[in-house]
1. Restricting to segment A:5-41, name every residue that is surrounded by fewer than 16 Cβ atoms within 10 Å (Cβ to Cβ), of a type in the set (Gly, Ala, Ser) and within 14 Å of chain B (Cβ to nearest Cβ).
2. If we scan segment B:48-56, do we find a residue that is aliphatic (A, V, I, L, M) and within 14 Å of chain A (Cβ to nearest Cβ)?
3. Which members of segment A:272-298 meet the condition of being surrounded by fewer than 21 Cβ atoms within 10 Å (Cβ to Cβ) and more than 13 Å from chain B (Cβ to nearest Cβ)?
4. Name every residue in segment B:38-62 that is in contact (Cβ under 8 Å) with a residue 60 or more places away in the chain, open to solvent by 10 Å² or more (accessible area, probe 1.4 Å) and part of a helix (DSSP H, G or I), in order of residue number.
5. Can you list the helices (runs of 4 or more DSSP H) lying wholly within segment A:175-255 that have 1 or more residues being closer than 20 Å to A:GLY120 by Cβ?
6. Out of A:ILE2, A:ILE87, A:ILE70, report the one residue that is open to solvent by 10 Å² or more (accessible area, probe 1.4 Å) and under 30 Å from A:ALA135 (Cα atoms).
7. Of the residues that make up segment B:151-173, is at least one within 25 Å of B:VAL46 (Cα to Cα), in contact with a strand residue (DSSP E or B) (Cβ under 6 Å, 6 or more places away or on another chain) and either open to solvent by 40 Å² or more (accessible area, probe 1.4 Å) or not polar (S, T, N, Q) (or both)?
8. Only one of (1) facing another protein chain (nearest Cβ under 9 Å); (2) at pLDDT below 90; (3) under 20 Å from the mean Cα position of the chain (by Cα) fails for B:PHE121. Which number is that?
Amino acid sequence: MIKMSARTDCSAKESAAIRGGAIILALVTVSFFIMILGHNPFSVYGSMIEGAFGTVYRITETLRKSIPLIVASLGISLAFRLKFWNIGAEGQIMMGAMGATFCALTFPDLSSWLLLPMMGAASIICGGIWGAIPAYFRAKWRTNETIFTLMMNYVALKWLTYLQYGPWKDPAALGFPKIPGFSPNAVLPNVFGLHAGWIIAIVLVIIIHLFINHTQRGYEISVVGGSENTGRYAGMNVKAVIIYTIFLSGGICGLCGMIEASGVNRTLSVGITMGAGYTAIITSWLSSLKAPVIPVVCVLFAAMIQGGTFIQMAFQIPQSAAQILQGTILFFVLGSEFFVRYRVSFIKNIKAGGEK
Amino acid sequence: MDISFFTAAVVAGTPLLFAILGELMTEKAGQLNLGVEGMMLMGAVVGFKTALITGDPFLALAGAMLAGALGALIFGVLTVSLRANQVVAGLTLTIFGTGFSSFMGQGLMGEVIPESMKLFFADFKIPLLGDIPVIGQIFFNQGMLVYTGYIAAIVAGLYLYRTSIGLNLRSVGENTAAADAAGIKVSRYKYIHILIGGLLCGLAGAYLSLVYIPSWQENVTAGRGWIAVALVIFCRWNPYRVLAGAFLFGGLDIIGFRIQKYDFHISQYMIDMLPYLVTIIILILVSAGKSSAGSPPASLGESYFREER
C-alpha cells in the first residue's frame, strides 16, 4: 500500500534536488522523442548548447532573447504572488510597445535623454492600464481574471494589427503594411555589445526583490495572496492592493514591450512579443516567483529558444521542438512539486502486520 | 442578413460547442482545465495528419479525439494524482499543445483534405425537420458532425440531470469531501470526466482542420479554446444553454467577414475584436449578477487530498 502524508520539513536543498531531478527526467523523456525522430539525443542537446553558447555572438543572442523573458517574468511574478492569474502579459507587452512607439513616432527629434524615459513611462502606463482593467473587475466583482486577461491579449493584438495596417502604416513603404522605423534618438543604446535593456532588467530584478521582501507594500502582496480575508482583518485595502499590484505587473510587462521595440526591432510589428508573454508564465513559475532566480531560469529558456533555431538548421528539427521541450520540463517540475509537499511511503499490507 | 448567415453561424459554432461541452464536463468534476486550446490543437493536427495518411474519416476523428484525451491525461495525472496547481497545469498543456501541433504540422501547410472525405462531412437534409421553413434550413441542412453536436449537448444534459452517475459527478464538483464520504470514487470520476473533456476538445479541433477550414493552417484554433472556457461561464454550466452560447458566438466569429460586403466604414480588424470584447462583457455581467443558480461547481479548481482537512 502507498501512503501519502503532508510534509513541511522539505529543506531548500532537498526541494532543489527534486526539481533538478524533474528537469533531468524531462530531458530524458524528450530524448526518447528525439530518438523516435531518428536523431541522437546527445548530439541534438549538444548542438543546442553549442548553438546557444558556442560563440560570443551566440551568447549575445541568447542574452538578448532572455531580456524580454526576464522583464515579463518579473511582472507576472508580482501578479502570481497575489494569486491573480495574469496571463495577459502578451497583450500588456503589446500595449506598452504601442505607447512607446506613439512617443517615438510623434517626437522623433527629441533628445534621447528625454525621449527614452518618455517612451518608458508611456509603456508602463499603457501596459499598466491594460492590466488594471481586469484587476478592477476582479477586485469589484471577482470577475474571472484568467480569461479576462487572455481576451485582452487578443484585443491588443487586433488593435495593433489595425494600427499596422491602418493609421500607422509607413507611407514610405510603398503600400507594404509596416510601421515606420524609429529615429536613432528613440533607440536604446548598446552597452558592451548588447542593448541597454539588460541594465534595465538587472535593476528591475533588484528593485522587485527589495520591494517584495523589504517594503510594507510588498508584504501586503504576500499577505493578500495568501488569504484575502487575512489581509482584510489586518486592515488592508484588499481591492486597492489588487489593482495597484496588477497595474505594476502590467506596467513592467509594458516596459518589456518598449525594450523590445526600441532595443531590438527599432520599430513595432504584430510579431513584437515573440510569445514572450506566454513563455514568461512558465519561467516565473519555475523560478518559484523569486526575483533573483528569474534571470537564471530565463537565460536557460532563452538558450533553449536560441539552441532551438540552431538545431533547426543542423538537424531539420522544427523550432517548435523547443516549445515541446519547455512544456515537458514544466510538466515534470509541476508534478515533482508533489514530492516537495507530500511524503510518499510504501507500507506493507496490514494483514502481514508490518505496519506499526 | 440572409439565412445563409445563420447557417454559417451554426457551422462556426460547432467547434465551440464540442469544446464547451468538454470543458463543462471537466469542470463538473471540479477540475478547471485551461488546456482546451492546447487539446484542440493536438486534435486538429492529429486528425488532419491521419486524414491525409489513411483517408478514413472515422480514423481521423478517432485519432483527433485520442490526441485530445492524451493531453487531458497529462493534465489529470498532474492535477488529480499529483495535486498540481490546475491553472498552471492547464496553461502548460496549452503551451505544450501549441508546440505539438506546430511541430507535427510542419510541412502540412497547403495540404488539403481528400475529396472523398469532404463528401463524408458534406451537408445533408434531415427528413421532415429539414423541411421546416427557416429553422430547417438553418439547423437541419448541415453536416454529420453538426448533428453529432446537437446530440452530444442533449446527451450531456440528460447524463448530468437525469442519471445517478451524473448526480454523483455533480456532487464531486460541488463538495468533494462529502462525495468521498458517501463512497463515490472521487479520483475515478475526476479522471473519467477530464478524459471525456479531452475527447471532446480533440473532436472540436478536428472539426476545425477537417471540416471548417479544411486545409492545414498553423494555429488553426485562433483562441477559440479560450473563448470556449469563457463560454462555459456564459452558459452557466448547463449543457442545454451551450447550444445557444456556441451558435451565438459562431455568429460573432463570422460577422467580421460577412460585414465587409456591406461597405461599413469600420476596419475589419476592429470587427475581429468583437468575439473577444463580447466575451469580456459577458464575464463582467455574469460576475456582477450574483445569482446562485448559475454559480460554478463549488470545489472548482481546488485540489482534493483526503488526509488534509
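The values are calculated or read from the model by the stated rules, or taken from the named source; none is laboratory data. Predicted, not measured: the structure shown is a model, and the values here were computed from it. Note that each Cβ is placed from the backbone with ideal geometry, even for glycine, and that neighbours are counted across all protein chains shown. Side chains are part of the model used for accessible areas, which takes the heavy atoms of the whole protein and leaves out ligands, DNA and RNA. Shrake-Rupley method; radii C 1.70, N 1.55, O 1.52, S 1.80 Å.
1. Within segment A:5-41, A:SER5, A:ALA6 qualify.
2. Step one: filter segment B:48-56 for residues aliphatic (A, V, I, L, M), giving B:51-53.
From the residues that got through so far, the ones that are within 14 Å of chain A (Cβ to nearest Cβ) too are none.
Among the residues of segment B:48-56, not one is aliphatic (A, V, I, L, M) and within 14 Å of chain A (Cβ to nearest Cβ), which makes the answer no.
3. A:MET274, A:LYS290, A:PRO292, A:VAL293, A:VAL296
4. B:VAL46, B:LEU52, B:PRO57, B:LEU61
5. Numbers: elements: A:197-214, A:216-226, A:228-233.
Qualifying helices (runs of 4 or more DSSP H): A:197-214.
6. On the way: A:ILE2 fails: under 30 Å from A:ALA135 (Cα atoms); A:ILE87 fails: open to solvent by 10 Å² or more (accessible area, probe 1.4 Å).
Answer to the selection: A:ILE70.
7. no
8. (1)
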